[in-house]
Each structure stands twice: as structure tokens, then as C-alpha cells.
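Worksheet: the structure to be examined is printed underneath.
The values are calculated or read from the model by the stated rules, or taken from the named source; none is laboratory data. Note that this is a predicted model, so its numbers are computed, not measured. Here the Cβ positions follow ideal geometry from the backbone for every residue, glycine too, while neighbour counts run over all protein chains shown. Ligands, DNA and RNA are excluded from the accessible area calculation, which covers all protein heavy atoms including side chains. Shrake-Rupley method; radii C 1.70, N 1.55, O 1.52, S 1.80 Å.
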Amino acid sequence: MTTPRRTVLRLRRLPAALIALVCASTATACTSGDERPQVVVTTNILGDITREVVGDEADVTVLMKPDADPHSFGLSAVQAAELEHADLVVYNGLGLEENVLRHVEAAHESGVTTFETGRAVDPLTFRKQADGGPEEEAGQPDPHFWTDPDRVRRAAGLIADQVIENVDGVDEEAVRDNAARYDAQLADLTTWMEKSFDGIPEDRRALVTNHHVFGYLADRFGFRVIGAVVPSGTTLASPSSSDLRSLTEAMREAGVRTVFADSSRPTRLAEVLRTELGGEVRVVELYSESLTGEGGGADTYLRMMRANTEAVTDGLTTG
């Protein structure tokens, strides 16, 4: 009987002297594929998308906890080991998981198949905004592709392809059916978002956020990105007084008084603008880079995007 690919990969990582012991001490480890296939996903947004596609065909482990920051979350030793024992690793890439990418690279070097989703969906690049930033990142790929549901449709289809090609033991027809069902839900989401955003007057279709995360949404649905409190694509950066000054000048020129802040991050930086602008600034919370726990308002990608669409529409049409 052919040795399963996943078992072969694991054996390659063991010292030669241990291989015989592994095979001798487990009745079927070297002769059967009874173990459930394992797909490991770095971020919880991609984790939800992958689970929709995989269904019951494999175990999907998501490394990033709910309400975490993809730029700063790290791995335990157990989680790092899970990466190296996976059949497939799905990650966002384009620099998003800043503290995890080295572990993904190590898994790839040890023989694990890895899939960089962001690079496969025609990524946009950061653009220099009216607030002056992101200066250092201008021209670099923007990792936040999930704010465009059409790109998520493409990502889901590509993840299905990766699962079928690289994960032994899955039922191809079941995975294709899962992907088709989810694709229809994503198509409905896009249509609903378009109708919702159509109610925002053209002169109000302007976004100011905590950091530059909604470039894909702006590109897909026709918004202007005025700037960000943190003029960077990562939450690990900090604003300077000149950054805030540039942003407030851009907001005055555009007539913008609404700032969208990530619900998992403190709003203190956004609220500073109230003082800088010398008047009331409305701070509206969005779920931008992480899903919530179950029942938290954005515990799936679909619910996150619907909640954000409602918040953006309300924030730009009222007050």
C-alpha cells in the first residue's frame, strides 16, 4: 500500500534512526491514511473562508484568535509545530502576519505546501494619500484584499483548488460543492453591498480610518480614501504630530467629520482628531482585520462585511 504523502512528510522531518521506531510502534502509521488531513490557516478571516470551502473533508486549524491583530499576533511552540505537520498551510501573506511569516517559511522549507492567498488575487498597491501617507509603503502590495468580496470569491476558489490538489483523502466533489455554495453567498454579498452604498451621496463617499486598510473596498465600490490616523498599512506604526496635522488638513479640505476605527483597537488616536479639528468628529467602529468570537457581531466573514457595510453607510449618510 502506498505511504500517505502526509506521513512521508512527517517521516522526512525525523532523524533516520527514529523512522523505524515510528513505523514499528504504530500499527498503521506507515501503511494507511486513517489520520484526518490537516489544513492550518494563519488569520481568522481566511480561516472562516477556508472552513466554508473545506467543510467536513479535513480538520481546519486557525492560528489567530478572535479579536486579535494580524500584524502583531504570535505563535506558541505547539502552534508552530502544527504548521510543520500540516498537509496545507493557507496564509494571507504580503507582509500581513508580521510575526508569523518566518514560521510559515520554515514549514515550507521542511516540505509543507503553503499558499499565499493575497499574492494570488491580483493585489493592489498602497497609494500615497491626501494625508501624506503611507510614504514608505507607497507602491508596496496592500495585504488587506478581503475588503473586496470579489477578490474573496477568487480566493475561495483558489483555496478549493489547493485543497483538492494537495490534501490527500478529500472528496473533490464535496469540496467543489462547498466552494460553489459559498461563491453564491459571496456574490449575493457583493450585490447587497452595492445597493447599500448606492444610498451614500457622491460628495460623502470619503473614508478616514485608523490605518490604511480599506483600499480594496474603496477601489471596488467607488470611495475616496482621504487618509488614516496612522498613515501606514500596519497597526505597529505610530502617528507623529505632523501626520495628524496632514490628516486634519486633508479632512478639512474634504469636509469629512467621520472617522472609522477598528473595533479591536482603542479609538484614542481617532478621538485626538476632535481636538485637532476644533469640533465634533464622529468615530464609527468597524471590524477591519479580525473576526470576533461567536455572537460578537462579526464571527464570520459574511457577517463582518454586512456589519461594516451598514456602519459605513450610516456613518456617511447621517449626522
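The residues of the stretch 108-137 that are modelled with pLDDT under 85 and crowded, with 20+ Cβ neighbours inside 10 Å, listed by number, are Gln129, Asp131, Gly133, Pro134, Glu137. There is no residue in the stretch 50-65 that is surrounded by fewer than 17 Cβ atoms within 10 Å (Cβ to Cβ), at pLDDT 95 or above and in contact with a Ser or Thr (Cβ under 6 Å, 6 or more places away or on another chain).
Screening the candidates Glu165, Glu202 for the property of being out of contact with any His (no Cβ under 7 Å at 6 or more places or on another chain), open to solvent by 50 Å² or more (accessible area, probe 1.4 Å) and at pLDDT 95 or above yields one hit, Glu165. Scanning the stretch 189-216 for residues that are within 20 Å of the chain's Cα centre (by Cα) and more than 22 Å from Ser263 (Cβ to Cβ) returns a single hit, Thr190. Can you pull out every residue in the stretch 197-215 that is of a type in the set (A, V, I, L, M) and either touching a Leu at 6+ places or on another chain (Cβ under 6 Å) or farther than 29 Å from Gln140 by Cβ (or both)? Within the stretch 197-215, Ile200 is the sole residue that qualifies.
Residues that are part of a helix (DSSP H, G or I), surrounded by 21 or more Cβ atoms within 10 Å (Cβ to Cβ) and either of a type in the set (Lys, Arg) or modelled with pLDDT of 95 or more (or both): does the stretch 85-102 have at least one?
Of all residues in the stretch 85-102, those part of a helix (DSSP H, G or I) come to 101-102.
Now restrict to residues that are surrounded by 21 or more Cβ atoms within 10 Å (Cβ to Cβ): none.
No, that holds for no residue.
Inspection of the stretch 170-193 identifies no residue that is on the phi > 0 side of the Ramachandran plot and open to solvent by 50 Å² or more (accessible area, probe 1.4 Å). The number of residues in the stretch 280-301 being under 16 Å from Pro149 (Cβ atoms), open to solvent by less than 20 Å² (accessible area, probe 1.4 Å) and without any contact (Cβ under 8 Å) to a residue 60 or more places away in the chain comes to 1.
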